[in-house]
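These notes concern the structure reproduced below.
The values are calculated or read from the model by the stated rules, or taken from the named source; none is laboratory data. These numbers were taken from a predicted model, which means no experiment stands behind them. Here the Cβ is made from the backbone with ideal geometry for all residues, glycine too, and neighbour counts use every protein chain on show.
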Amino acid sequence: MRRRSAPWLRRFRPGRWVVAAVPLLWLGLFFGLPFFIVVRISLSETVIGLPPYSALLEWIEGGMLSIRLNFANFALLWQDSLYLDAFINSVRVAATATLLCLLLGYPMALGIARARQSLRIPLLLLVILPFWTSFLIRVYAWIGILKGNGLANNVLLWIGWIEQPLPLLHTDFAVHLGIVYGYLPFMVLPLYATLSRMDSSLLEAAADLGCRPSRAFWRVTVPQSRPGILAGSLLVFVPAVGEFVIPDLLGGPDTLMIGKVLWSEFFNNRDWPVAAAVAVALLVLLVAPVLLFERLRERAQPR
Amino acid sequence: MTGSAPRLEAWQDPAAAPLVAIKGVSKSFDRQAAVSDVSLAIYPGEFFSLLGASGCGKTTLLRLLAGFERPDQGRLLIAGQDVTELPPYQRPVNMMFQSYALFPHLSVADNVGFGLRQEGLPRRDIRVRVAEMLDMVKLGSFAQRKPDQLSGGQRQRVALARSLIKHPKLLLLDEPLAALDRKLREHTQFELVNIQERVGITFIMVTHDQEEAMTMSTRMAVMNEGRIRQIGTPVEIYEFPANRFVAGFIGAVNQFEGRALAQAGDVLQVYAESAGTELRVHVPQAVVAGSPVVVAVRPEKVRLGREPPPGDNRLQGTVEEIAYLGDVSVYHLRVAGGALIEAQLTNHTRGAAPPLTWGDRAWVGWNADDAFALVE
């Protein structure tokens with residue numbers, strides 16, 4: 001598209017700036033500024049006091065401004081294997097959970113998108129309904145289900161599949177289950193959005209050209225829903241990596257996830273600078289998949 | 001043409017086997033009949049049009065042939081094979097969709113080759129045939145484009161190439177030209193007919209555009225409310241409509257309701273109140289005196305002038321409306337009986353002043369042979 005308005009008109013459009021200023025201001029105030037503070041804390045030193053970190057800038061005698069940047073916190077993340085292990089483990093758990101969400105959510109979304117018009121809204125409501133209950137309460141409910149004499153074990157004992165209660169709670173299994181349960185709607189909704197928008201005549205065209213329904217699914221439906229797959233996976237993966245509540249409540253003492261590490265640095269160790277460094281590193285590492293996603297999306301929709 | 005006998009068209013030849021036989025097919029959606037008891041035979045090499053207003057069932061009939069719908073009643077035969085129960089992917093039929101339904105994630109070449117890939121042909125053969133097909137629709141240099149990088153006319157040709165590449169016995173076209181602008185549509189009409197003659201595939205086209213159906217088809221079926229009202233060549237449909245619906249649907253027509261008076265040979269005398277006089281009309285069959293008859297005459301068959309024109313029927317009236325359309329002018333004349341008669345004059349001379357103007361007294365006239373009677 002080469003046709004544009006005259007350069008002077010392009011440069012001088014006050015309406016555009018007003019519209020853009022609102023979200024910019026919002027982002028600056030509630031994302032940019034807090035992030036700046038977190039970065040600042042991550043470059044300071046731990047002190048006992050209030051606040052529990054040192055100042056970066058200090059006036060020393062002779063009217064000199066002294067700047068002390070402490071990179072030891074970031075170095076620690078690299079040196080102490082705890083942080084790297086926790087991060088890798090988090091990515092692994094999040095990736096597995098994302099894949100499980102996709103395998104579970106795709107048939108759900110497809111089913112809703114292909115359901116009768118009058119059934120779609122009720123089915124979508126069923127997907128969203130859990131959001132009406134607090135996330136925390138729902139995770140606690142899983143404790144009741146998974147614990148030694150919980151619902152799951154009692155049912156399994158009753159139908160005679162097991163003789164001893166299974167250790168379900170405080171395992172990696174429970175963490176995966178919790179994340180898949182908690183984030184499934186974030187997978188289903190974007191998938192539903194792309195699948196319901198899909199032109200049904202494309203499947204008819206595929207059938208007309210000799211394509212069986214099973215093949216048409218892989219050759220037409222799945223490629224068409226790629227933006228939804230990418231968006232859903234990102235919506236599950238990114239928060240799942242930093243997830244703190246689920247591993248804390250459902251995971252075992254050896255469940256190592258970066259969100260939990262961050263929490264304990266902050267509240268248990270009161271080491272704000274290291275906690276801030278973990279947060280900054282996490283953000284930087286999570287921006288990478290987002291950028292990758294954007295690249296993939298651009299390639300999926302050439303313009 | 002060597003034989004002395006006149007060439008017999010396939011549908012006139014009792015020995016010819018139809019390619020498509022639709023036998024008593026009905027289909028309804030939510031108890032609403034879309035197609036009611038339709039029977040139709042289409043012969044190899046035909047360019048057959050299903051013509052009707054929207055909602056007349058023409059698209060449903062096409063989708064029944066493609067296999068996207070199952071009939072409630074009746075059988076569908078293609079090349080002698082009963083395909084009523086066959087899913088679309090097993091029918092020897094391809095369809096060109098009104099929306100074109102091109103796969104947006106595939107290139108032009110992959111779209112066109114899609115049908116061949118389903119047959120498991122070697123990639124090299126597919127590439128050769130796709131290239132041939134793209135050359136035929138003059139899109140050779142667009143093979144690697146995506147559909148959304150093409151113009152409407154180019155997309156239409158990709159859809160055509162994709163539906164022809166498997167050499168189906170029958171190609172179904174759902175409003176193939178509806179999305180094109182007028183100029184391109186007229187050009188594409190001829191191109192489509194040329195391609196059909198070149199590939200020798202039988203075409204069934206659904207259209208709401210009577211001009212399109214008339215220009216392109218060998219035969220057409222006029223549909224209304226799920227039923228076929230007449231099947232015939234464009235000339236038959238236009239000049240010899242079987243009923244008032246067909247007469248009124250195709251082209252403009254002057255209609256006079258009346259009663260049969262007397263018949264001499266094949267000329268019937270009809271008294272029509274709205275014409276204010278007796279009309280003579282050519283009727284091949286015998287009509288009982290006193291039965292209701294509609295006399296109909298097309299505007300271009302009506303002669304118009306200040307003096308009484310020669311002809312079997314002559315009426316005098318007043319010019320009420322004049323519409324100048326460039327190639328022709330249309331005049332509306334109010335006659336004594338109250339009817340408004342439409343007449344068409346061809347504008348032979350450039351810039352000539354109109355022979356008549358509003359309020360002028362004038363005569364219209366036509367021969368009994370040029371009018372037709374609809375007895376119902």
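Residue-wise test of (1) in contact with a Gly (Cβ under 7 Å, 6 or more places away or on another chain); (2) not in a helix (DSSP H, G or I).
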| position | (1), (2) |
| --- | --- |
| B:Asp135 | no, no |
| B:Ser141 | no, no |
| B:Gln154 | no, no |
| B:Val158 | no, no |
| B:Ser163 | no, no |
| B:Pro168 | no, yes |
| B:Leu171 | no, yes |
| B:Ala179 | yes, yes |
| B:Lys183 | no, no |
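When each of B:Glu321, B:Glu342 is tested for being exposed (fewer than 14 other Cβ atoms within 10 Å of the Cβ), in a strand (DSSP E or B) and modelled with pLDDT of 90 or more, the lone residue that passes is B:Glu321.
Would you point out which residue out of B:Asp72, B:Asp30 is without any contact (Cβ under 8 Å) to a residue 24 or more places away in the chain and more than 25 Å from the chain's Cα centre (by Cα)? Walk me through how you get there before you give the answer.
Details: B:Asp72 fails: without any contact (Cβ under 8 Å) to a residue 24 or more places away in the chain.
It is B:Asp30.
For the range B:150-164: of the residues being in contact with a helix residue (DSSP H, G or I) (Cβ under 8 Å, 6 or more places away or on another chain) and facing chain A (nearest Cβ under 9 Å), which is surrounded by the most Cβ atoms within 10 Å (Cβ to Cβ)? Here the residue is B:Arg162.
Among residues belonging to the range A:211-232 that are hydrophobic (A, V, I, L, M, F, W, C) and away from chain B (no Cβ under 11 Å), point out the one that is surrounded by the most Cβ atoms within 10 Å (Cβ to Cβ).
Residue satisfying both the conditions and the ranking: A:Ile229.
A residue that is at pLDDT 90 or above and within 25 Å of B:Pro92 (Cβ to Cβ) occurs nowhere in the range B:233-256.
Restricted to the range B:95-120, and to residues there that are more than 7 Å from chain A (Cβ to nearest Cβ) and hydrophobic (A, V, I, L, M, F, W, C), the residue that is surrounded by the fewest Cβ atoms within 10 Å (Cβ to Cβ) is B:Leu106. Checked against the criteria, B:Ser151 counts as among the polar types (S, T, N, Q), over 23 Å from A:Ser225 (Cα atoms) and modelled with pLDDT under 95. When A:Gly111 is tested against (1) at pLDDT 90 or above; (2) assigned to a loop (DSSP other than H, G, I, E, B); (3) not charged (D, E, K, R), exactly one condition is not met: (2). Answer yes or no as to whether B:Ala343 is farther than 23 Å from B:Ala242 by Cβ and in contact with a helix residue (DSSP H, G or I) (Cβ under 6 Å, 6 or more places away or on another chain). Spelling it out, B:Ala343 is indeed farther than 23 Å from B:Ala242 by Cβ and in contact with a helix residue (DSSP H, G or I) (Cβ under 6 Å, 6 or more places away or on another chain).
When you look at A:Phe244, is it touching a Gly at 6+ places or on another chain (Cβ under 9 Å), closer than 30 Å to A:Gly144 by Cβ and surrounded by fewer than 21 Cβ atoms within 10 Å (Cβ to Cβ), yes or no? Give the steps one after another, and end with the answer.
Details: touching a Gly at 6+ places or on another chain (Cβ under 9 Å): yes; closer than 30 Å to A:Gly144 by Cβ: yes; surrounded by fewer than 21 Cβ atoms within 10 Å (Cβ to Cβ): yes.
Here the answer is yes, as A:Phe244 does meet what is asked.
Any residue in the range B:320-329 that is touching a strand residue (DSSP E or B) at 6+ places or on another chain (Cβ under 6 Å) and touching a residue at least 40 places away in the same chain (Cβ under 8 Å)? No, the conditions are met nowhere in the range B:320-329. Consider A:Asn70 carefully, then state whether it is of a type outside the set (Asp, Glu), assigned to a loop (DSSP other than H, G, I, E, B), more than 16 Å from A:Pro185 (Cα to Cα) and in contact (Cβ under 8 Å) with a residue 40 or more places away in the chain. Answer is yes for this residue. Only one of the numbered conditions (1) within 25 Å of A:Leu103 (Cβ to Cβ); (2) buried (at least 21 other Cβ atoms within 10 Å of the Cβ) is violated by A:Pro239, and that is (2). Here is a check on your reading of the model: is B:Glu132 over 29 Å from B:Ala21 (Cα atoms), within 32 Å of the chain's Cα centre (by Cα) and more than 9 Å from chain A (Cβ to nearest Cβ)? So B:Glu132 fits the description; yes. Checking each residue of the range B:176-188 against the condition of being at pLDDT 90 or above and either under 29 Å from B:Val25 (Cα atoms) or outside the structural domain of B:Leu121 (by TED's automatic domain parsing) (or both) gives at least one match.
Screening the candidates A:Asp199, A:Asp208 for the property of being within 14 Å of chain B (Cβ to nearest Cβ), surrounded by fewer than 22 Cβ atoms within 10 Å (Cβ to Cβ), free of Cβ contacts under 8 Å to residues at least 24 places away in the same chain and more than 30 Å from A:Ala275 (Cβ to Cβ) yields one hit, A:Asp199. Scanning the range A:33-49 for residues that are surrounded by 13 or more Cβ atoms within 10 Å (Cβ to Cβ) and over 16 Å from A:Asn70 (Cβ atoms) yields one hit, A:Phe35. Number of residues in the range B:35-70 that are farther than 19 Å from B:Met220 by Cα and surrounded by 22 or more Cβ atoms within 10 Å (Cβ to Cβ) equals 1. Highlighted here are the strands (runs of 3 or more DSSP E) found entirely within the range B:195-312 that include at least 2 residues which are out of contact with any Gly (no Cβ under 7 Å at 6 or more places or on another chain) and closer than 28 Å to B:Pro355 by Cβ: B:254-264, B:277-282, B:292-297, B:303-305.
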